[in-house]
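Everything on this sheet refers to the single structure shown next.
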Amino acid sequence: TSLGRCINSGNDLFGKFYDIFLVSHPSISPRFANTDMAAQKALLKNGINLAIMYAEGNPIGASGISRIRDTHSATKMNIEPGQYSYWLDSFIKAVAETDPQFSPDIEKEWRDLLQMTIQHITSGYGK
């Protein structure tokens, strides 16, 4: 329900996320230098929906997150496991700015859900 509130707030959750994420660490922004950010925001929205489904045990979510695990590995996009902490913190900050009911409990739910997903994705980094 937090995601729905963020989207319905009119505050562009995914745009805010990239505003925060791109300046979260010097190694992040160069990775997006030639990126179509409108398409990237759509991919992020899809990825968040997959993460929610993955956390719920949905096989479609599991399949989608496994595809992300593969594409983000060392041999493909080379997204180093340490960079996910910037991603997670940036997403939480964006949610805090766009969910009018944001609270410590909602933050914990988001962190737990996304950390489960991040652990699966990063477990495939060297494969």
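Here are a few things to note about the model shown:
- Qualifying residue in the range 39-47 (condition: over 15 Å from M116 (Cα atoms), basic (K, R) and free of Cβ contacts under 8 Å to residues at least 24 places away in the same chain): no
- 1 or more residues over 21 Å from S2 (Cα atoms) and more than 12 Å from the chain's Cα centre (by Cα): qualifying helices (runs of 4 or more DSSP H) within the range 17-121: 37-55, 59-71
- Unmet requirement for S73, which otherwise passes all of (1) open to solvent by less than 40 Å² (accessible area, probe 1.4 Å); (2) touching a residue at least 24 places away in the same chain (Cβ under 8 Å); (3) within 21 Å of K108 (Cβ to Cβ): (3)
- Some residue of the range 12-28 being open to solvent by 40 Å² or more (accessible area, probe 1.4 Å), among the basic types (K, R) and within 25 Å of G124 (Cα to Cα): no
- Hits in the range 31-40 - residues which are open to solvent by 90 Å² or more (accessible area, probe 1.4 Å) and either β-branched (V, I, T) or under 17 Å from W87 (Cα atoms) (or both): R31
The values are calculated or read from the model by the stated rules, or taken from the named source; none is laboratory data. Note that this is a predicted model, so its numbers are computed, not measured. When we count neighbours, we look across all protein chains shown, and the Cβ atoms used for this are built from the backbone with ideal geometry, even at glycine. Accessible surface areas use protein heavy atoms only, side chains included; no ligands, DNA or RNA. Shrake-Rupley method; radii C 1.70, N 1.55, O 1.52, S 1.80 Å.
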